Amino acid sequence: MKKLGIFLAAAALILLSACGGGGENLKRKGNTEIDTIVFADAGWDSIRIHNGIAQKIIEEGLGYKTKTTAGSTSATIQGLRRGDID
């Protein structure tokens, strides 16, 4: 059973790494280029740690600016729908 779990994890890792694209072509709706990637912070510790890791990778690895917008869960979901939050 443990071997099956390791195999599935390795297969998922290979699949996800094959799906990765270059960050140089990031665009928003309406084909406008992204200057700053906006993250949502709904106040959960789990969101903060994931945002922090993603921001570090995006800023230092891809060279994009990032910003975090604080708000409640419903406000951040609404921001995602409007395109104010990436």
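Just so it is clear, none of the values below were taken in a lab; they were calculated from the coordinates. None of the values given here were measured: they were computed from a predicted structure. All Cβ positions, glycine included, derive from the backbone under ideal geometry; neighbour counts span all protein chains shown.
Between Ser74 and Ile49, what is 0.36 nm times their sequence separation minus the Cα-Cα distance? Round to one decimal in nm. Walk me through the numbers on the way to the answer.
Values: separation 25, 0.36 × 25 = 9.00 nm, distance 1.97 nm.
My answer for the length gained is 7.0 nm.
Sum up the charges of everything whose Cβ sits under 12 Å from the Cβ of Thr66, counting Lys and Arg as +1 and Asp and Glu as -1, but leave Thr66 out. Each step should come with its number before you reach the end.
Values: positive: Lys56, Lys65, Lys67; negative: Asp35, Asp41, Glu59, Glu60, Asp86.
Surrounding charge for Thr66 is -2.
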